[in-house]
Amino acid sequence: MAGRGARTDAGTNDGLRRLVIVESASKIAKIASYLGEGYRVEASAGHIRDLPQPSQLPEDVKKGPYGKFAVDVENGFQPYYVVDNDKKRTVAELKRALTEVDELILATDQDREGEAIAWHLVQALQPRIPYRRMTFGEITPEAIRRAVTQMRDIDDRLVDAQETRRILDRLYGYELSPVLWRKVRAGLSAGRVQSVATRLCVERERERIAFRSATYADLTGDFAPEGESAFGARLVALDGRRVATGRDFDDLGRLKNADVVHLDVTAAQALAGALEQAEFQVRSVEEKPYTRRPAAPFITSSLQQEASRKLRLNARATMRTAQRLYEGGYITYMRTDSIQLSDQALTAARAQARELYGPEYVPESPRVYKSKSKNAQEAHEAIRPAGESFRTPAQLSGELRGDEFRLYDLIWKRTVASQMHDARGTTATVRLGARTADGRDAEFSASGTIITFRGFLAAYEEGRDEAREVEGDDAERRLPPLSQGQALRAENLATDSHETSPPPRYTEASLVKTLEEKGIGRPSTFASIISTIVDRGYVRYKGNALVPTWLAFAVTRLLEEHFPRLVDYDFTAEMEDDLDAISRGEAERVDWLTRFYFGAAGPGAASAGGPEGSDGPGAGPAGADTAVSGIKGLADDLGSIDAREISTIVIGEPDDALVLRVGRYGPYLEGPDPETGELLKASVPDDVAPDEMTPDKARELLTSQSGGDNVLGTDPETGRTIVARVGRYGPYVTEIVDEDAPATAVEERAQQAEAKKTAKKATKKAAKVKPRTGSLFKDMQVETVTLEQALQLLSLPRVVGVDPESGDEITAQNGRYGPYLKKGTDSRSLATEDQIFDITLADALAIYAQPKTRRGQVAKPPLKELGPDPESGEPMVVKDGRFGPYVTDGTTNATLRKDDDPETITPERGAELLSEKRAKGPVKKTARKAATKKAAAPAKKATATKKSAAKKTVAKKTVAADS
């Protein structure tokens, strides 16, 4: 994929005009200023091409080999790429820019995803001028000038690895997701890494469900030698046998070691009483040198973990903040798995440590950290402050704010500390004891560390995921001078009861750490993995903890029982290693994809065909060898998978006959009424975590929700029975409508009005009348709500009146987020639910006369004013919306992209976003479908052209519809 033409030398005045394409528009200004005249910098705004959904393929292509995946699996796994609709204008502008320059420089990010973006740019732009690849790890003048002198060709190996990953994920998801649609719930998705990450969370929750706590007690006291201050110690042995602590119990609450002494509170209190008059003395004092090494500089995963622990930032927020710091020239590239520092970084870190802490804090030679990773797709330097000399956080306090400042401070401290001396000191452990009057021997222990030289701790100390079992930290806890045989005075002997704790749920930090340890995923993907499993409903947050949903239990069980190889941790890690081997040129992508999809026997072999295959990916728990059979045809034969069984979880013991099922509309419980034996059902509230679903909790929900409808009476107007009941979303009232019951006069009028729109819809409405429903107010109960209140709720929305100025009708109603008024498209919150029935037109008009508020606050002023829009002439402003910042001219709204900073966005960029939004037109399914067909129309002709061109210019075969 070499470009045509001679290499470019930095600093030459050869008169050539060059176009530099970066990924993010926020990089343009800085890079352009560093490159100087003769260079024009533009942005691709990330990826410009991707595999389309098969439904979006042109009609003639759908019937061919690309129809199933947009990948031709029969002919070398050739992908069918299209330019994204929102990037067609970008591509057109870049093509125009190419006509005005003499050379193209592809300066996308330096990881393998950035390499693939550069390759896609070449495929889409088809430059007729020389093109080269430029990479840099930081956006500083020195780094940019150095990158110009070290340009190269596009790396085929990195592109192959990234393209293989994209095709692999498409094949995996499209073969496996239909299984979930048919056997669990429509619309679900399966992913090569997301399914494994979900399984980790589910397995941890299963451990918590199976967990049985154990109770144990300990005995502590304060001890003081003559003339010295007291120190604390804890009972560790009784009659020569170690006293049990929490770590001695298994998850079922049983002692793992029979040789330990299990103290309960009563025994501990009795021992404390027996020791009150005992004579204590020091039995041994042991001192050892203490040394602690600094942690390596940050890589992507360790930065995410530490930012979660210390800054309470989730992985997505951490990467978003780091992206801004990188683009602003404050840190080096933030997607890396290398812990190495460049020579200039080593010099800068050592110089700053020497300047700020003293030369005695810096070792004679630089510290070198060895990475276990051997893959070549990521950047080759750790995350560190940018530049040949580092700027301290104090120096940037005027430039950086909030999360950006805190994250930079964390990165700076970690980098500088990595080049400082070890922390040194001594750790002393003292054993002391006494005998009770009845002859029992009790031994206590205390330890303390004295830091004599803080070393790197003067700059930074790494956080921990979990608290220590014993409260307090021995670091720098001083013990008085003690000697063997020395007498001690016992004070404050006290007992304390403890319960063992279940395994902690994963947090983002601990899940990233586990994925990294198992070799699953890569640094640049961890944030998106977590975002995916949360967004798709497999995991939810409870504080910082990741709690799997019941849906995740059903999906994970299906995959474990019928496709175990595909969620096997080692197998998934091996796939990552294979992709790395492709990036190093040690494996060939087509061969690897052929084995993965078709199996070792190749394309001509019969498919394993799902669960019945003897050694296919669907073989039972005995072991399925996907490497032998491939994943082709996973959903072809699913007859042996019992969908009901897969989605059923037994609560408690089987004899309890309590089960939870994952249904189409969410999880629900089933169980017998203890008195009548009648089968009861109840929805499961979203706030009940799986480990909280005990048999007692299940019976409570069944009793409270399945006590039968509370019949309130008959609606005098319709003659229908009104009932109150509890549903998935809380208590509500509704009317019982017989299937053959005639429609009321009001309903008939509604049907007639609907018939004018669509005869088909009117037919459906005439065939079945939808019952009215209304949620109970917060102060209402199913057991006590009256018929009068129910009829009021069923009458909503209530017409308050008509605005005399606009002529719009104002209604009062109750919604998902509480009571509110509505006038046209303008909604205003009400203070209480009672206002729905009490508010007058005058009061409503007074509310609308006030400035619009959001969540109790007055609407915020624009974040930035950009001046008049060139097309509409209306003033453009940047506002903070519900889904993030956006630019608007009062008529058209355009969401800012992830690379657009509201504070620095230019009027030109604002106008560009609005123009793109206008070009798309209103979001309508029919319009979008028509636009897709129209855009794809010339694809057939382009296909032949691209095939021919690809054979001449690159070794990889691709098909693209880049119209």
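Annotations
- Length gained when the stretch ASP84-LYS852 is fully extended (0.36 nm per residue, less Cα-Cα span): 272.8 nm
- What the Cβ-Cβ distance of ALA437 and ASP251 gives, at R0 = 35 Å and to the nearest 0.05, is a FRET efficiency of 0.35.
- Amide H contacts of LEU866: MET876, VAL877, VAL878, each under 5 Å away and 5 or more positions distant or on a separate chain (H built 1.01 Å from N in the peptide plane; Pro and chain starts excluded).
- When the C-alpha to C-alpha distance is required to be over 29 Å, the pairs from LYS68/LYS681; LYS62/LYS770; LYS413/LYS898; LYS770/LYS822; LYS310/LYS864 that qualify are LYS68/LYS681; LYS62/LYS770; LYS310/LYS864.
- Inter-label distance for GLU74 and GLN484, nm, one decimal - labels placed 7 Å from Cα along Cα-to-Cβ: 8.5 nm
- All other residues whose Cβ lies under 9 angstrom from that of LEU432 are scored, Lys and Arg at +1 and Asp and Glu at -1, for a net of +1.
- Length added when fully stretched, ASP843-ALA494, from 0.36 nm per residue minus Cα-Cα: 119.2 nm
- Two-site label geometry, LYS413 and THR825: point separation in nm, points 7 Å out along Cα→Cβ: 4.8 nm
- Three-way shape call for region 202-301 based on the alpha-carbon gyration tensor, with the a/c threshold at 1.5: oblate
- Sites GLU700 and ASP422 - FRET efficiency at Förster radius 56 Å, r taken between beta-carbons, to 0.05: 0.50
- At R0 = 45 Å, FRET efficiency that the Cβ-Cβ distance of SER229 and VAL368 yields, to 0.05: 0.55
- Charge context of SER418, other residues only, Cβ under 12 angstrom, K/R +1, D/E -1: +4
None of the figures in this text is laboratory data; all of them are computed from the coordinates on show. All figures in this text were calculated on a predicted structure; none of them were measured in a lab. Cβ: placed from backbone, ideal geometry, glycine included. Neighbour counts: every protein chain shown.
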